[in-house]
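The values are calculated or read from the model by the stated rules, or taken from the named source; none is laboratory data. From a predicted model like this one, the values you see are computed outputs, not experimental measurements. Positions of Cβ are backbone-derived with ideal geometry, glycine not excepted, and every protein chain shown enters the neighbour counts. The protein model used for the area step is the full one, side chains on, heavy atoms only, and it has no ligands, DNA or RNA in it. Shrake-Rupley method; radii C 1.70, N 1.55, O 1.52, S 1.80 Å.
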Amino acid sequence: MRTVDPGTGTDAGPDFDEPSGESESEEVKAAPQSRRMLVLCAVAGFVLGGGVLGLLWGLSGVHAGALDDALAACQALDRVGELPDTSRDTQPSLTPGLTPERLHRMTAARELSAAAAQVNATYQPLADHIDGVARMVLSLHFNDISGQRHLVQAQEICGRI
């Protein structure tokens, strides 16, 4: 016996079963709920969590980094070692040059103190004094009275940090 598919008007095979109205309504009722709300909540949670994390990271690292830089500048200045003081000599003799390692440490102390002062203005006096010492050391003019004064002031500030 031949049957005709009522929806398309074509011949259907012998196994053709007409769908019942009940099974269609069950399929529509059993359809999964929309995932929009789940995706929206996940995106909102990600944005909110990222914002809080960024805020905490930004607030916690600024001043701690400046303190670390200032401490490292003081340690580098200390590792430069004893600098000759020829400012009291009427006829300063030639002082031996400093080793490249000591000069590099002096430059590092200057850069670290400048970085600390850029982040936190309370370290500006330290940066100014270490810069004065660095200018004296790099020019090898150890008879510079202001350079020696900067050295004493920088060491005092480092002692308070």
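Exactly one residue out of Ser34, Ser25, Ser60, Ser20 is at pLDDT 70 or above and of a type in the set (Ser, Thr, Tyr): that is Ser34. Summed over the stretch 111-130, residues that are open to solvent by less than 60 Å² (accessible area, probe 1.4 Å) and within 22 Å of the chain's Cα centre (by Cα) total 9. The requirement of being open to solvent by less than 70 Å² (accessible area, probe 1.4 Å), in a helix (DSSP H, G or I) and modelled with pLDDT under 60 is not satisfied by Gly51. If the condition is being of a type in the set (Gly, Ala, Ser) and exposed (fewer than 14 other Cβ atoms within 10 Å of the Cβ), then the stretch 151-161 contributes only Gly159. Only residues that are more than 15 Å from Thr107 (Cβ to Cβ), within 32 Å of the chain's Cα centre (by Cα) and open to solvent by less than 20 Å² (accessible area, probe 1.4 Å) were counted in the stretch 131-150, giving 0.
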